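What follows is a structure written as structure tokens; I'll ask about it next.
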Amino acid sequence: MKKFLCFLIVLSFQIAFCQNKEADFIITNVSVVPMNSEIVLKNQSVVITDGKIIEIADARKLKTKAKQTIDGKGKFLVPSLADAHAHLPENDTELEKYFKLNLINGVTKLRSMRGDSKHIEMKKKYNTENSYYPKLYLSSNPITRNLSFTKEEIAAFVKETKENGFDFIKVLSIKNQELFDELNTVCKEYDVKIGGHFPSNPKGVVISDESFFGSNYTSFEHLGGLIGEPNSFESRVKSIKEKGLYACPTLQWYIIGYGQFSVEDMIKQKGMQFINPETVKEWTEKTTLYREKTGKKEFEEEVALYAKELQERRTVIKRLNDEGVPLILGPDSSSKFIVPGFAMHEEMKSYQKAGLTNYAILKTGTVNFANLFNENYGTIEVGKNADFLIVSKNPLKRLDALEKIEGIYFNNQYLNKNALEEMSRSILPN
Ligand SMILES: [Zn+2]
């Protein structure tokens, strides 16, 4: 009875709301790609108030009025994207450009993978209540094998990481097993998550799988521990699955770094017009010099060898996906010829080559990321944050639909096509 009364109160509240109060925003007649299953809901109206989706209904039946209405006829509404492997530039001008490169590509969340104490201030400055800049998820200053910690020091480091507001501890590599176990003990004590490279390296410091899979790691980068390790492969896949670890393959970083394209083709990539000409010149010169120095035949051999490894990476991505391991999307745009934002689309295309469906690929950049951080976005459902893109083609059919963003709803505001075009122009080099 009590439950029923509650239901009635909620229902009458909703009716009263729908009849009397204006919503903030409605997108009408739009095809919704909800990403909670592989479907498209046609002719829908999506109603938003206070940054939340409060109603999704058949456009012909909707009675709700709103302060602002956008006609979504012929368009698709899909959750916005998250880059799970970001490297934040240091200075404000570069950082702002970096944010905008991401936004014009539909990326509204960034997980920083190379932490710095300055990032907390950065987050305070850019992730304000009314900011449209992507939301930042921050890693601590990285732990590397060159760093020694006493028991007290590692405890202080973890405690400080948490108190300062970082989202997780980043491990690039670690001195030894003892330190790894100590780190993990304090991370458990303070409830701090770990992310980063697979810490065990057969050519360097070896950490037992038992320690790793018993640790507070929630995600690992670059398919570490799986590539080139056939003896441990099956047992690790099993443990990754059982532990529910998230994998961030960063395939684009390898494709570019492994010399798979000619310099001319890399210069012609989408988004390169946003890179300063001096930087493009520097990238070109360095790459050309390396290739010349290596020698034509030797370089071709190197490329062929790397192509083999890339095939192994694709096979592993497919396997992990088939096993139900959640993949997260991040091209690792920290290196030459990888343009932030634009590279997200290249990363998605490379998963297509690995044999993933478009639905599985879209999950890596939307719902999987939201689940990693336990966030209330990543799907289009009533009660979720309004955090989505408007595109003109169905991304489940064509991933390149996401390369032409017509609108972004994020952090309680709407950036329309004009705003996004204006933003693009503002970051073109003079
Ligand atoms: Zn990286």
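Where a number appears in this text, it was derived from the coordinates with a stated rule and is not lab data. Note that the structure is a prediction, hence the values are computed from the model and not measured. Note: ideal-geometry Cβ built from the backbone for every residue, glycine included; neighbour counts use all protein chains shown.
Using θ = phi - 60° and the Karplus curve 6.51 cos²θ - 1.76 cosθ + 1.60, what whole-Hz ³J(HN,Hα) does each residue of segment 248-261 get, with Gly and Pro shown as x?
After applying 6.51 cos²θ - 1.76 cosθ + 1.60, I find 10, x, 6, 5, 4, 4, 6, 4, 6, x, 8, x, 7, 10 Hz.
Okay, helix-only estimate at 222 nm for the chain: each DSSP H run of n ≥ 4 adds -39500 (n - 2.57), divide by all residues, round to 500 deg cm²/dmol; what do you get?
Only helices count here, giving -13000 deg cm²/dmol.
For the Cα atoms of the chain, what angle does the longest principal axis make with the long axis of helix 177-190, in degrees from 0 to 90, nearest 10?
The helix 177-190 is inclined about 20 degrees to the chain.
Sticking to Cα atoms, compute the Rg of the chain to one decimal and its Dmax as the biggest Cα-Cα distance, whole number, in Å.
Spelled out, the Cα radius of gyration and Dmax of the chain are 23.0, 81 Å.
Non-local amide H neighbours of E22 (under 5 Å, H modeled in plane, Pro and chain starts lacking H): which ones?
none
Determine ³J(HN,Hα), in whole Hz, for all residues of segment 101-111 in sequence, where each value follows from phi through the Karplus function 6.51 cos²θ - 1.76 cosθ + 1.60 and θ = phi - 60°; x replaces Gly and Pro.
Taking θ as phi minus 60°, the curve returns 4, 6, 4, 5, 9, x, 9, 10, 9, 9, 9 Hz for segment 101-111.
Lys and Arg at +1, Asp and Glu at -1: add these up for the other residues within a Cβ distance under 13 Å of L428 and post the number.
With Lys, Arg at +1 and Asp, Glu at -1, the neighbours total +1.
Whose amide H sits under 5 Å from the amide H of R145, counting only residues 5 or more places off or on another chain, with H placed in the peptide plane?
S173, I174
Something else now. Say a paramagnetic label sat at a point 7 Å from the Cα of Q68, along Cα to Cβ; which residues of segment 107-142 have their backbone N under 14 Å from it?
What the label zone holds, given the 14 Å backbone N cut-off, is 130-132.
Right, here's the next one. Counting only other residues whose beta carbon sits under 14 Å from that of V30, what net charge do I get with K and R as +1, D and E as -1?
+1
Work out the FRET efficiency for K318 and R114 from their Cβ-Cβ distance, taking R0 = 35 Å, and round it to the nearest 0.05. Could the numbers behind the result be given before it?
Numbers: r = 28 Å, r/R0 = 0.81.
For K318 and R114, the calculated efficiency is 0.80.
Among the GluC sites (Glu not before Pro) in segment 330-430, which ones are in a DSSP loop with at most 15 other Cβ atoms within 10 Å of the Cβ? Mind listing them?
Here the sparse-neighbourhood loop sites are E381.
For segment 245-296 and segment 347-405, compute the distance between their C-alpha centroids and round to whole Å.
Here the answer is 26 Å between Cα centres.
Another question, if that's okay. Output ³J(HN,Hα) for segment 352-361: one whole-Hz value per residue in order, computed from phi by the Karplus curve 6.51 cos²θ - 1.76 cosθ + 1.60 with θ = phi - 60°, and x for Gly and Pro.
Those phi angles translate into 5, 4, 6, x, 7, 6, 4, 5, 4, 5 Hz.
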